[in-house]
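No lab work stands behind these numbers, since they all come straight from the coordinates. Note that the structure is a prediction, hence the values are computed from the model and not measured. Here the Cβ positions follow ideal geometry from the backbone for every residue, glycine too, while neighbour counts run over all protein chains shown.
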Amino acid sequence: MPATAATYKWLDENGRVVYGDTPPPGVKAERINVALPPPDPSAVRDMASKDAELKKRSQQRAETEAGAEKAVADNQAAVERCVQARGRIQALRSEGQLYRYNEKGDKVYLDPAERDKAIAETERYMRDLNCQPVAGTPPGTPPRASTY
């Protein structure tokens, strides 16, 4: 029944009170005013508050997911740096001759002191990254020249 429709009250043939928008013909009906409940003045404020809280939770969830994705990416990058550092340590510990290229593009072979210094620097780098230590080079590894 629409809120603007007229409402009537009457007694049926059994004496019961009946309400409706159209009384039957020949019955004494009384028109009544159906009052709608007053509007809740805080309803709009409550709705806005709930909406703001939903948006806040959604934003927090997105930030948490972004943080987790960043942590995974950072972890993968650290693992890759550890793998590269382990490879460098193994190359530095090998019995082969190691060289690098200078600014002129010439090969410069590392002497034992330079090799020891490079090993110490790489081990310190690995400790900073919390990398697993590298085991020594297995005996019988053939010497080879390589760059680091």
Item to check | segment 109-136 residues that are under 14 Å from Leu98 (Cβ atoms), paired with ones that are among the aromatic types (Phe, Trp, Tyr) and outside any loop (DSSP other than H, G, I, E, B) (beta carbon under 7 Å, 6 or more apart) | outcome: Tyr109/Tyr99; Leu110/Tyr99
Checklist entry - Restricted to segment 124-134, and to residues that are outside any loop (DSSP other than H, G, I, E, B) and not basic (Lys, Arg), which residue is surrounded by the fewest Cβ atoms within 10 Å (Cβ to Cβ)? => result Asp128
Checklist entry - Which of the residues spanning segment 85-123 are assigned to a helix (DSSP H, G or I) and surrounded by fewer than 11 Cβ atoms within 10 Å (Cβ to Cβ)? => result Pro112, Ala113
Checklist entry - Considering only strands (runs of 3 or more DSSP E) fully contained in segment 1-77, which possess at least 2 residues that are among the hydrophobic types (A, V, I, L, M, F, W, C)? => result 7-11, 17-20
